[in-house]
Amino acid sequence: MRRDEPEQLRPEGLWGLDNLMSSAGEAIVFVDPNWVALYCNEVYAQNLGLTVDQVVGRTAMEYAPTSFKRSIFYEACAYCLVNRAPVCKIGFSTVLNRWLMVRVFPVADGVLMLANDASESVVKGYNLAQAAVKDPLTSLDNKLAMEQKANLLIDKGEPFSVVLIALDKFRNVNDAHGYAAGDMALMEIASLLQTVTLSGESLYRISGDEFAVIREGEPDGAGERAMTFLQAVRTPMVLSDIRIVVGASAGTVQSPQDGDEYELLLRRAGLAVRDAKKGGRDTIAPFKSELEQASKMRSVIESELRAVLDGSQFTLVVQPKVSLTTGAVVGGEALIRWRHPERGMLAPGVFLGIAEDMGAMPAIDNWVLRQTVRYCADLMAQDLAVPISLNLSIHSLGDLFMADRVAAVLSDAQVPPGMLEVEIPEGALMHNVQASARCLAKLHAMGVKISIDDFGTGYSSFAYLAQFPVHALKVDRSFVNEICTSETSRKIVKGIVRLAHSMSLEVVAEGAETEPQVSLLRRMRCDSLQGYVIAKPLPWADFVKFVQSRPAMGTHDPMTI
């Protein structure tokens, strides 16, 4: 058909074909790009209670009810007019009050739509298909629907970006308020995300605490849009009189720059989210190739770590703690290292995070405990009454039997509990206050010393400390490093020292590296010091020599540090 001859579709030009099409019982209409009906058969007109002449030459918005734009007909025709691709839709028509199957095909100068009643089997099949691509809780499209959308865009060669939104520690909502409240929160979050989703963006729920958005077109502004989604998530929710605020992190990828396969893009978006979570809440990170390299190395390290959880490649170094009044060594902190046969000595930052994710921290904590107590026994044999501290992870702190294991190891080595000190990172202490209080109370009752590591980073307060049998605070190294250059850091350290002493707690400054820092800490009446200005973490034999070279505990030599 030539573009200048649409009138050939009029019934008077094709009477025989028109009669045949009407007698077939299927509604047919031809619509131009402006939604003007150039042809319809009798079935289509009669379904609307109109004549053919009342339809042809007018738009559906003129002859159909005002709800036309919410109908299945509008959705199907609009898609075909924009995308110039065939489409089939099955849905319930509120105009005709029955289920229909609508097919629309692009033709010259418009689209051709055919509609007929959908059989019961077709409707059931459609509902099953829809259920397969819908999240039953939020009614958002699910991961399968996202895959179909991404693959369609990839096949068409159209650029798009993906924003992966991961809720931060959403399990805490379920634990604190119950799963019913958690489900309500997820439904509310889905609604909040929908309210800020724009045209050209498709929202999905792809796992329990992850949502994703596909943004069609060039990826400009993906970061700004990601921040909009994160701000929507943080909107306070009141559910059954409970006020809940949920944080989130986001990772972004772009196609085709970051990949032209759905699974690859989703995996890389996940790597970007993991990178974003390192920066805390409301953080956005784009995918970078280095993340994939780090992920591969992480997988290798995890495999190698599983083979050495017996401690065969672990060792401890010990960093001295020195009194700012006497210069004597008043303690040492045992720090784990991995003597890797190929990569050399690995610091804990390289592998402890991986160990935590793979559930290996209890095994590592137990090895560190046994080795630390052996060191305590060695000091006692040399008449050096210097307590050694070890760090306990969140997992051990919440273990009901951890205190009993400590008691058993001390008893087997015949080491008095006062020779052992347990350091708890402030964040771990506040992770589960009740479990922490139970474990620490048992350790304190047997005579083990307890100190709070990294104090001042904002997790807890002095009011909370009253719940724990603590004997010392270790000021976080970030404040100590800036004590000579930042007025804020000086005030923080000074305030911690004063308040700690008012509660009869000792204060250890961690991370001191210069003599001016030492001088200022002494004037603030800080009790002891741990840092490179005194000594780096030492192998055990060197630590023993260092202790022997310092003044004995109890002597007074204020000029010696």
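What to note about this one:
- Filtering the range 321-351 to residues that are within 22 Å of the chain's Cα centre (by Cα) and without any contact (Cβ under 8 Å) to a residue 24 or more places away in the chain leaves only Gly349.
- Enumerated helices (runs of 4 or more DSSP H) restricted to the range 1-65, each holding at least 3 residues that are over 52 Å from the mean Cα position of the chain (by Cα) and either of a type outside the set (Ser, Thr, Tyr) or modelled with pLDDT under 65 (or both): 15-23, 42-47, 52-55
- Selection within the range 238-255 - in a loop (DSSP other than H, G, I, E, B) and surrounded by 14 or more Cβ atoms within 10 Å (Cβ to Cβ): Val246, Gly247
- Residue that is modelled with the lowest pLDDT [pool: residues in the range 507-561 that are among the charged types (D, E, K, R), surrounded by fewer than 20 Cβ atoms within 10 Å (Cβ to Cβ) and in the same structural domain as Cys376 (by TED's automatic domain parsing)]: Glu513
- Filter result (over 16 Å from Gly456 (Cβ atoms), of a type outside the set (S, T, N, Q) and touching a residue at least 24 places away in the same chain (Cβ under 8 Å)) within the range 479-519: Cys484, Glu513, Pro516, Val518
- Unmet criterion (only one of (1) surrounded by 22 or more Cβ atoms within 10 Å (Cβ to Cβ); (2) at pLDDT 90 or above; (3) closer than 30 Å to Ala435 by Cβ) for His501: (1)
- Failed condition for Glu304, given (1) charged (D, E, K, R); (2) out of contact with any strand residue (DSSP E or B) (no Cβ under 8 Å at 6 or more places or on another chain); (3) without any contact (Cβ under 8 Å) to a residue 40 or more places away in the chain; (4) farther than 24 Å from Asp209 by Cα: (2)
- Single unsatisfied condition, Gln548 versus (1) assigned to a helix (DSSP H, G or I); (2) under 17 Å from Val480 (Cβ atoms); (3) not β-branched (Val, Ile, Thr): (2)
- Qualifying residue in the range 70-88 (condition: within 45 Å of the chain's Cα centre (by Cα) and assigned to a strand (DSSP E or B)): yes
- Hits in the range 169-206 (condition: within 16 Å of the chain's Cα centre (by Cα), buried (at least 17 other Cβ atoms within 10 Å of the Cβ) and closer than 21 Å to Gly251 by Cα): Phe170, Leu186, Ile189, Arg205, Ile206
This table checks each residue for (1) touching a Cys at 6+ places or on another chain (Cβ under 9 Å); (2) charged (D, E, K, R); (3) in contact (Cβ under 8 Å) with a residue 60 or more places away in the chain; (4) outside the structural domain of Leu137 (by TED's automatic domain parsing).
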residue	(1), (2), (3), (4)
Phe160	no, no, yes, no
Val163	no, no, yes, no
His177	no, no, yes, no
Gly182	no, no, no, no
Ala190	no, no, no, no
Leu198	no, no, no, no
Val213	no, no, no, no
Pro219	no, no, yes, no
Glu224	no, yes, no, no
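Table: residues versus (1) surrounded by 17 or more Cβ atoms within 10 Å (Cβ to Cβ); (2) of a type in the set (Asp, Glu); (3) at pLDDT 85 or above.
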{"site": "Asn116", "(1), (2), (3)": "no, no, no"}
{"site": "Ser119", "(1), (2), (3)": "no, no, no"}
{"site": "Asn127", "(1), (2), (3)": "no, no, no"}
{"site": "Ala131", "(1), (2), (3)": "no, no, no"}
{"site": "Leu137", "(1), (2), (3)": "no, no, yes"}
{"site": "Lys149", "(1), (2), (3)": "yes, no, yes"}
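- Unmet requirement for Val246, which otherwise passes all of (1) modelled with pLDDT under 90; (2) over 14 Å from the mean Cα position of the chain (by Cα): (2)
- For the range 385-406, filtering for residues that are surrounded by fewer than 17 Cβ atoms within 10 Å (Cβ to Cβ) and either modelled with pLDDT of 90 or more or of a type in the set (Val, Ile, Thr) (or both) leaves 2.
- Residues (part of a loop (DSSP other than H, G, I, E, B) and not hydrophobic (A, V, I, L, M, F, W, C)) located in the range 464-489: Gln467, Pro469, His471, Asp476, Glu482, Thr485, Ser486
- Where a residue in the range 235-256 is in the same structural domain as Ala180 (by TED's automatic domain parsing) and over 13 Å from Glu188 (Cβ atoms) and its partner, wherever it lies, is assigned to a loop (DSSP other than H, G, I, E, B) and of a type in the set (Val, Ile, Thr), with Cβ under 8 Å and at least six apart: Ser249/Thr283; Ala250/Thr283
- Top-ranked residue in the range 140-156 [being out of contact with any Asp or Glu (no Cβ under 9 Å at 6 or more places or on another chain) and without any contact (Cβ under 8 Å) to a residue 12 or more places away in the chain; ranked as nearest to Leu266 (Cα to Cα)]: Asp155
- Members of the range 214-237 that are in a strand (DSSP E or B) and modelled with pLDDT of 85 or more: Ile214, Arg215, Glu216
- Test: Val368 is assigned to a loop (DSSP other than H, G, I, E, B), β-branched (Val, Ile, Thr) and touching a Gly at 6+ places or on another chain (Cβ under 9 Å): no
- Odd one out for Ile424 among (1) in a helix (DSSP H, G or I); (2) within 19 Å of Leu316 (Cα to Cα): (1)
The values are calculated or read from the model by the stated rules, or taken from the named source; none is laboratory data. All values reported here derive from a predicted model rather than from experimental measurement. Positions of Cβ are generated from backbone atoms using ideal geometry, with glycine treated the same way; all protein chains shown enter the neighbour counts.
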